[in-house]
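First up is the structure itself, then whatever we jot down about it.
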Amino acid sequence: MSAINVSKVLDQSHASRVFDLAEMPLRELNRALHNLTLGSNETAWEVLNPKGSHSVAVGVDQPVTIDVRGSVGYYCGGMNDGSAITVHGSAGPGVGENMMSGSITVKGDASQYAGATGRGGLLVIEGNASSRCGISMKGIDIVVHGNIGHMSAFMAQSGNLVVLGDAGDALGDSIYEARLFVRGKVGSLGADCIAKEMRSEHLELLQGLLDRAGVTGVKAAEFTRYGSARTLYNFNIDNADAY
Amino acid sequence: MTYRNPPTTPRKSATFDDYTLSEIRRAAATGIYDIRGAGAKRKLPHFDDLLVLGASISRYPLEGYRERCDTGVVLGSRHAKKPIELKIPITIAGMSFGSLSGPAKEALGRGATLSGTSTTTGDGGMTEEERGHSKTLVYQYLPSRYGMNPRDLRRADAIEIVIGQGAKPGGGGMLLGQKISDRVAEMRTLPKGIDQRSASRHPDWTGPDDLEIKILELREITDWEKPIYVKVGGARPYYDTALAVKSGADVVVIDGMQGGTAATQEVFIENVGQPTLACIRPAVQALQDLGMHRKVQLIISGGIRNGADVAKALALGVDAVSIGTAALVALGDNDPRWEAEYNELGTTAGAYDDWHEGRDPAGITTQDPELMERLDPIAAGRRLANYLKVMTLEAQTIARACGKNSLHNLEPEDLVALTIEAAAMAGVPLAGTNWIPGKNGF
């Protein structure tokens, strides 16, 4: 993808909360969102014709709602800090990467690295997610209504990953303190990832996440919890086979 | 009288030298490879293998201390709305909080600011010590993404996407649990006291096409204001530079194998990557082939020690150099005043490299509160500023002798090599000849 020539971007103010990316460049959308200040009246935004654009609504740091009417490319909502983004379509790689707070809902499917390194907020994927979902997550909550691919939650440090469907191979490899809840089958567990008991606090936590993600008719008790065996927390040569 | 054959002098193997033998014994006893900080310690072709040709008849020198020799450099002029302007072409390389103490980061910021140059964050995220004391701060976007957040991204003056380090191209790191203090654990979202394994690759992109989109995302988040650097370990400098340019980088940083690290396997440090000297000409050639030399700036790092190194690197075509290990030494690391304590740690001043253990007597590579107090950030910052000033004056002296009114006017023609190896790597003639070995191809 070619870089946008900044000099060609029109310098005009936008009272409108509807952005048609078929008519205006991405730069204008993101600039307008970044110019928002706390207490702004422009709290509801709509993005038309994203047509797979990358970096839609990245770096937003105000509590506004953003409805994206269509599918997006890479990194939609990247580093989101407080806004509620809904993608009425599917999302490309890295949706909600490094999210800080707020929420992102993808009505369709998500590609690789969904919620990668996320530090907070809620990412909901109503379809399936591809490989590396929640990779290196650092506090984000992710709820996937469908299945997730291989190497998901690799080196996940904290936060919660909820999967209503199945998980692929090497789930939670080298996991730290993140919690994984899977309702369906798991292809295989990664190094140091084990199934764990579902205690009452986990059931309560999971039910809260399901409620927040708009999941109905599914009970927390249907899930298995996975987490770290903590055997790789301090390097020991006797564990070398696990590396 | 009986004849006795003359005894054979005991002979040690060049292959199994004392150090190698000690490493075999240590490995056998402990069952783990040696992890250490710093960069390659073996002797490598380096800037010492080049000489500068001062002016005489064919060139006309400038007067030292009289005639101006500019040192300023602008980094990030390709796309960024706010390129960085530095007074000197020597920057401070990324060194993490966690690996370094808070006072050490503050001292780096103070010294760099006094000298008109930049500091760089590191794996631990941005600290107030560093942001508060660095007029110009480069924020590293690392595979681990420790402490990464959009607020700090916007508080930075430039963003450096770290793909690799010279000491360990392709390798991750290991910060042992004793350095994961409460503060470090909080910044890195890790339980206190565990060994921290930092990633060797970015989690959310896998190749140059992804990198291009990642750069676009970072530009969008920061409204195209900040220069985007791309830093790679010196392994395949021609192709990595070309791909970084293709991906949209404003600045390419190449870190040669003498570049330091906080903690990696000794065998990795000494055997992976290429010498700094070998990385420059291929990187410059890539920029020239793409018509981007001086448009995308090139920073080289890894074993830069003095103004001669700076002058030679600039003559080979780089726009600036970066220092890490040398900056730590300027702050007071490995100082002989702590010799007794270095001895207690089984080493000596000048050789201490177990930075990951957190017991640095100089209080620089530690999180121990008592040791940290040994470093006065104001005095250490002044020492760093003095050192940067000396390096700059040295480089200017050499440049003036070559007739240059700017450090950036130094050129390969100002250099010859002492060895065939250095001549081939640097692409300059062997001294006394017009022979450049291996001129065609890398």
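I want to confirm something. Restricting to the range A:129-154 and keeping residues that are crowded, with 24+ Cβ neighbours inside 10 Å and either of a type in the set (Phe, Trp, Tyr) or facing chain B (nearest Cβ under 10 Å) (or both), which single residue is farthest from the chain's Cα centre (by Cα)? The selected residue is A:Phe154. Here the range A:21-42 is the region considered, the condition is being surrounded by 15 or more Cβ atoms within 10 Å (Cβ to Cβ) and either part of a loop (DSSP other than H, G, I, E, B) or small (Gly, Ala, Ser) (or both), and the residue that is farthest from the other protein chains (Cβ to nearest Cβ) is A:Glu42. Hey, can you tell me all the residues within the range B:107-131 that are closer than 16 Å to B:Met187 by Cβ and modelled with pLDDT of 95 or more? Correct list: B:Thr121 only.
What are the residues in the range B:25-55 that are β-branched (Val, Ile, Thr) and at pLDDT 95 or above, if any? Listed by number, the list holds a single entry, B:Val52. Take the range B:210-235 and flag every residue that is over 12 Å from B:Ala249 (Cα atoms), more than 9 Å from chain A (Cβ to nearest Cβ) and either among the basic types (Lys, Arg) or more than 23 Å from the chain's Cα centre (by Cα) (or both). Once the filter is applied, which keeps residues that are over 12 Å from B:Ala249 (Cα atoms), more than 9 Å from chain A (Cβ to nearest Cβ) and either among the basic types (Lys, Arg) or more than 23 Å from the chain's Cα centre (by Cα) (or both), the range B:210-235 yields only B:Glu225.
The set of residues in the range A:162-178 being at negative phi and within 14 Å of chain B (Cβ to nearest Cβ) consists of A:Asp173, A:Ile175, A:Tyr176, A:Glu177, A:Ala178.
Just one of (1) modelled with pLDDT under 95; (2) over 30 Å from B:Pro275 (Cβ atoms) fails for B:Asp152. It is (1). Of all the numbered requirements in (1) away from chain A (no Cβ under 14 Å); (2) without any contact (Cβ under 8 Å) to a residue 40 or more places away in the chain; (3) in a loop (DSSP other than H, G, I, E, B), B:Gln258 misses one, and that requirement is (2).
Of the candidates B:Ser181, B:Ser200, B:Ser118, the single residue that is out of contact with any Pro (no Cβ under 6 Å at 6 or more places or on another chain) and farther than 29 Å from B:Arg383 by Cβ is B:Ser200.
Check every one of the helices (runs of 4 or more DSSP H) wholly within the range B:316-435 and list those with 2 or more residues that are surrounded by 16 or more Cβ atoms within 10 Å (Cβ to Cβ), in contact (Cβ under 8 Å) with a residue 24 or more places away in the chain and in contact with a helix residue (DSSP H, G or I) (Cβ under 7 Å, 6 or more places away or on another chain).
The qualifying helices (runs of 4 or more DSSP H) are B:325-331, B:377-401, B:420-426.
If you go through the range B:46-97 and pick out every residue that is more than 26 Å from B:Lys231 (Cβ to Cβ) and of a type in the set (Phe, Trp, Tyr), you end up with 2. Evaluating A:Ala32 against the criteria (1) more than 18 Å from B:Leu216 (Cβ to Cβ); (2) free of Cβ contacts under 8 Å to residues at least 24 places away in the same chain; (3) aliphatic (A, V, I, L, M) leaves one unmet condition, (1).
Per the listing B:Tyr33, B:Tyr3, the residue uniquely part of a loop (DSSP other than H, G, I, E, B), of a type in the set (Ser, Thr, Tyr) and surrounded by 10 or more Cβ atoms within 10 Å (Cβ to Cβ) is B:Tyr33. Condition first: in contact (Cβ under 8 Å) with a residue 40 or more places away in the chain, more than 9 Å from chain B (Cβ to nearest Cβ) and within 10 Å of the chain's Cα centre (by Cα). Can you find one or more residues in the range A:81-96 that meet it? Yes, the conditions are met somewhere in the range A:81-96.
All of (1) surrounded by fewer than 20 Cβ atoms within 10 Å (Cβ to Cβ); (2) within 27 Å of A:Ser228 (Cα to Cα) hold for B:Ser198 with one exception: (1). Counting the residues of the range A:52-69 that are closer than 22 Å to B:Trp224 by Cβ and among the basic types (Lys, Arg) gives 0.
Screening the range A:57-80 for residues that are more than 16 Å from A:Asn30 (Cβ to Cβ) and not in a strand (DSSP E or B) and picking the one that is nearest to the chain's Cα centre (by Cα) gives A:Ser71.
I'd like the full set of residues that are farther than 24 Å from A:Cys76 by Cα, more than 7 Å from chain A (Cβ to nearest Cβ) and assigned to a loop (DSSP other than H, G, I, E, B), limited to the range B:181-209. Matches in the range B:181-209: B:Ser181, B:Lys192, B:Gly193, B:Ser200.
Listed by first and then second residue, the pairs with beta-carbon distance under 7 Å, at least 6 apart or on different chains, first residue in the range B:20-43 and within 13 Å of chain A (Cβ to nearest Cβ), second surrounded by 11 or more Cβ atoms within 10 Å (Cβ to Cβ) and among the basic types (Lys, Arg), are B:Asp34/B:Arg26. Residue count for the range A:185-235 satisfying the condition of being of a type in the set (Val, Ile, Thr) and touching a strand residue (DSSP E or B) at 6+ places or on another chain (Cβ under 6 Å): 2. Scan the range A:97-117 for residues that are within 11 Å of chain B (Cβ to nearest Cβ) and under 22 Å from B:Asp223 (Cβ atoms) and jot them down. A:Glu97, A:Asn98, A:Met99, A:Met100, A:Ser101, A:Thr117, listed by residue number. Screening the range A:67-86 for residues that are among the polar types (S, T, N, Q) and surrounded by 24 or more Cβ atoms within 10 Å (Cβ to Cβ) and picking the one that is farthest from B:Asp204 (Cα to Cα) gives A:Ser83.
For the range A:45-75, filtering for residues that are more than 14 Å from chain B (Cβ to nearest Cβ) and of a type in the set (Gly, Ala, Ser) leaves 2. Just one of the numbered conditions (1) surrounded by 24 or more Cβ atoms within 10 Å (Cβ to Cβ); (2) within 14 Å of chain A (Cβ to nearest Cβ) is not true of B:Ile280: (2). When B:Tyr65 is tested against (1) at positive phi; (2) within 25 Å of the chain's Cα centre (by Cα), just one condition goes unmet, and that condition is (2).
The values are calculated or read from the model by the stated rules, or taken from the named source; none is laboratory data. Since the structure is predicted, the reported quantities are computational estimates derived from the model, not experimental observations. Methodologically, a virtual Cβ is constructed for each residue, glycine included, from the backbone with ideal geometry; neighbour enumeration extends over all protein chains shown.
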